[in-house]
1. Pick from R157, R191, R177: which is within 23 Å of L119 (Cα to Cα) and either of a type outside the set (S, T, N, Q) or under 26 Å from the mean Cα position of the chain (by Cα) (or both)?
2. Can A152 be described as modelled with pLDDT under 90 and part of a helix (DSSP H, G or I)?
3. Can you confirm whether the stretch 176-184 contains a residue that is of a type in the set (A, V, I, L, M) and touching an Asp or Glu at 6+ places or on another chain (Cβ under 9 Å)?
4. Looking only at the stretch 117-132, how many residues end up being more than 9 Å from I97 (Cα to Cα), in a loop (DSSP other than H, G, I, E, B) and either in contact with a strand residue (DSSP E or B) (Cβ under 6 Å, 6 or more places away or on another chain) or among the small types (G, A, S) (or both)?
5. Which residue, of L135, L171, L114, is of a type outside the set (S, T, N, Q), open to solvent by less than 60 Å² (accessible area, probe 1.4 Å), part of a helix (DSSP H, G or I) and under 30 Å from Q73 (Cβ atoms)?
6. Name the pairs whose Cβ atoms lie under 7 Å apart, with the first residue in the stretch 72-85 and open to solvent by less than 20 Å² (accessible area, probe 1.4 Å), the second not in a helix (DSSP H, G or I), and 6 or more positions between them or separate chains?
Amino acid sequence: MLKRFDIPHLGHPPYHQFYCALLITAVALLIAPMLAGLAEATGRSISDGRDSTESHERIVAAIRLALVQSRRQLRNARQQCNVYQQGVARNDTQSLINLANCFQHGTGRPKRLLRAKQLFEIAAGHGSPEAHLALGQFYRDGRIVGQDIEQAISHFRAASRYGSAEAMVELGLILRRERSLPDAACDWFERAAD
């Protein structure tokens, strides 16, 4: 299965980055003194000639900077979702998709798959290939709704009519795995490559 980020300008979910930075901070604060003590006991320097406390302080400063940047990304993601919310109020299709992605991935908003699906359905009604692709993935995976391969195929076909190469690949994968139709699957893979 192909993976992609639905909101490339927002990157990874900031909550994830924040918790990773927090974990790194905790580990660094625990390990740095042990490494300094080990280096001192063995007579080796891990700080390239610097005092071990200076090296430890540099590590802590870098980790604090990472935490500040993670918080800033989280704040920016929330602000961006607010902009998408304003676009949704104007019935803008791309804003619908972007806000749905915020809810789907928990980026700048709490993760709410049902709300994401509802927004994708509205955008699909506007003829959005991205929305049809997302709905196809919801039905294929059985998220929020029971798994329904026929519905997934229907949404992937709709997205492929708009030229979505990813939807064509998804169709090919379903035809190969679920229907055991390798020739039909190859046709969709070739269309996606064109």
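1. Step by step, each of R157, R191, R177 is checked, and only R157 is within 23 Å of L119 (Cα to Cα) and either of a type outside the set (S, T, N, Q) or under 26 Å from the mean Cα position of the chain (by Cα) (or both).
2. no
3. Of all residues in the stretch 176-184, those of a type in the set (A, V, I, L, M) come to 181, 184.
So of that shortlist, the ones also touching an Asp or Glu at 6+ places or on another chain (Cβ under 9 Å) come out as none.
No, the stretch 176-184 contains no residue that is of a type in the set (A, V, I, L, M) and touching an Asp or Glu at 6+ places or on another chain (Cβ under 9 Å).
4. Summing the residues that are more than 9 Å from I97 (Cα to Cα), in a loop (DSSP other than H, G, I, E, B) and either in contact with a strand residue (DSSP E or B) (Cβ under 6 Å, 6 or more places away or on another chain) or among the small types (G, A, S) (or both) in the stretch 117-132 gives 1.
5. None of the other options fit; the residue is L135.
6. A77/L10; A77/T107; A77/G108; C81/G108; C81/R109
The values are calculated or read from the model by the stated rules, or taken from the named source; none is laboratory data. What you see is a predicted model, and the numbers here were worked out from it, not measured in a lab. Don't worry about glycine lacking a Cβ; one is built from the backbone with ideal geometry, like all the others, and counts go over all protein chains shown. What goes into the accessible areas is simple: the full protein's heavy atoms, side chains included, and nothing from ligands, DNA or RNA. Shrake-Rupley method; radii C 1.70, N 1.55, O 1.52, S 1.80 Å.
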